[in-house]
Each structure stands twice: as C-alpha cells, then as structure tokens.
Amino acid sequence: MIERESPDYESVRRGLAWNGRLADRYPDVIARPRDDDEVVEAIAYAREHGLRIAVRSGGHSWCGAFMRSGGMLLDMGAFNQVAASAAAERTVAGPGVRSQELLAALTPHGRAFPAGHCPTETELIAPAGNASDIFARPSVIVNDTSRC
C-alpha cells in the first residue's frame with residue numbers, strides 16, 4: 001500500500017499515466033497487487049478504512065479515467081502472470097496482462113487472441129473491441145482470476 005504521505009507516492013501516481021496526461025486527482029492509497037491474495041488483502045484494507053475502490057487494469061487510458069480523488073486506486077498492472085497450456089486448451093491470465101505478453105505466451109502453443117492494435121494495452125478491456133481496430137469484435141471478459 002502506498003499512502004499519500006509516502007515519499008514514493010507522487011512518482012508512483014505520475015508513473016501510472018502512459019502519456020503523461022494525468023488528471024489532478026489524488027487517491028488516498030494506491031495498491032499494486034501481484035496475485036489473488038494481495039487483491040484480497042487490498043480489498044480488506046479498503047473495507048476496514050471505509051475507502052471506495054477505483055481500478056486500473058494496467059494498460060493505458062488516454063485521460064487517466066481510472067484516477068479518482070480519495071479512496072483506493074487498485075492498480076492491477078503488476079498482476080500480469082500468464083499460464084498457457086496447449087494440452088488443457090486453457091490460458092489463465094491476470095488482469096494486468098498486456099497484449100504483447102499474452103501473445104508471447106500463446107504463440108509457442110500455436111494459439112492467438114484478438115488483441116487490440118496497441119501492444120501495451122491490457123486484455124482486461126481490449127477484448128470488447130476498439131473502434132480503430134478493424135479486426136476487433138465483441139467478446140466476454142476473459143481475465144476473471146481473482147476470488148474475493
């Protein structure tokens with residue numbers, strides 16, 4: 001948990017905007033979970049402290065829409081593990097996995113995924129399609145790995 005009083009807070013907060021365009025909003029706490037247990041821990045912390053939660057999947061948002069004043073920002077960018085199994089015909093990906101990471105894990109198994117046009121966007125949102133991607137099509141959210 002990175003609290004607003006932490007000396008690292010502002011550099012972490014500013015580092016969340018891929019294009020440097022960050023709204024003048026300040027969450028009370030920034031949590032950066034790497035796995036299910038840390039997500040549960042962050043949610044418990046927010047509940048205990050009465051904090052509302054905003055979520056950043058880890059990709060990019062042109063205007064920093066994930067940033068809110070007050071509450072907790074749950075930054076899922078570090079929760080980016082991918083486990084692909086051709087034998088099981090199953091891939092489990094964390095919500096912070098970027099297109100390039102997912103495709104790198106799938107390619108050796110002869111698999112693909114309809115990723116967005118930008119290799120650094122996360123697949124938590126990309127499967128819904130992108131107006132500038134002529135190959136995109138609507139689908140379901142595929143990164144439901146956390147149980148809280």
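Figures for the structure shown
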item	result
Cα gyration tensor shape of segment 14-83, rounded if a/c is under 1.5, else prolate or oblate by comparing a/b with b/c	oblate
Separation of the residue 23 and residue 9 label points, Cα + 7 Å toward Cβ, nm	1.9 nm
Extended-chain gain in nm, criterion 0.36 nm per residue less alpha-carbon gap, residue 85 and residue 48	9.5 nm
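Read-outs: derived from the displayed coordinates by stated rules, not from any lab. Computed from a prediction, not measured in an experiment: that's the story for all the values here. Neighbour counts run over all protein chains shown; Cβ positions are idealised from the backbone, glycine included.
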